[in-house]
């Protein structure tokens with residue numbers, strides 16, 4: 001429990017950086033597309049350079065096909081709409097740690 005608390009506090013500290021945005025998707029939002037899947041979306045200077053990295057037990061997989069990119073953009077847009085904003089997410093995490 002002590003380690004988890006320290007991790008959550010570190011996450012909150014890191015979320016204060018200008019280039020970091022930590023968002024919590026509450027259980028009340030229900031199941032969401034892509035749950036349980038590690039995903040890294042790298043935006044290029046132009047959309048044709050966008051790439052998605054998916055992690056699996058066999059190593060990373062990369063995709064840059066337009067239809068696949070649309071699918072992952074759609075998932076990220078859903079999570080953005082369903083998540084708490086940055087401040088509320090940080091407050092929620094701090095509540096879990098017992099510091100708020």
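Taken together, the values in this text are just the output of simple stated rules run on the coordinates, not laboratory data. A quick note: this is a predicted structure, and the numbers were derived from the prediction, not measured.
Would you calculate, for the chain, the mean residue ellipticity at 222 nm contributed by helices, counting each DSSP H stretch of 4 or more residues as -39,500 (n - 2.57) and dividing by all residues, to the nearest 500?
After summing the helix terms and dividing by the residues of the chain, the value is -14000 deg cm²/dmol.
Run the numbers for residue 62 and residue 82: contour at 0.36 nm per residue of separation, minus the present Cα-Cα distance, in nm.
Extra length from residue 62 to residue 82 when fully extended: 4.6 nm.
With axes computed from alpha carbons, what is the tilt in degrees of helix 86-97 against the longest principal axis of the chain, rounded to the nearest 10 within 0 to 90?
50
Figure the gain on full extension for residue 35 and residue 70 (residue separation times 0.36 nm, minus the Cα-Cα span) and round it to one decimal in nm.
10.9 nm
Pairing the Cα long axis of helix 2-15 with the longest principal axis of the chain, what angle in degrees results, from 0 to 90 and rounded to the nearest 10?
With both axes taken from Cα atoms, the answer is about 60 degrees.
Does segment 1-59 come out rounded, prolate or oblate, given a ≥ b ≥ c as the square roots of the eigenvalues of its C-alpha gyration tensor, rounded meaning a/c under 1.5 and, failing that, prolate meaning a/b above b/c?
Taking the square roots of the gyration eigenvalues as a ≥ b ≥ c, segment 1-59 is prolate.
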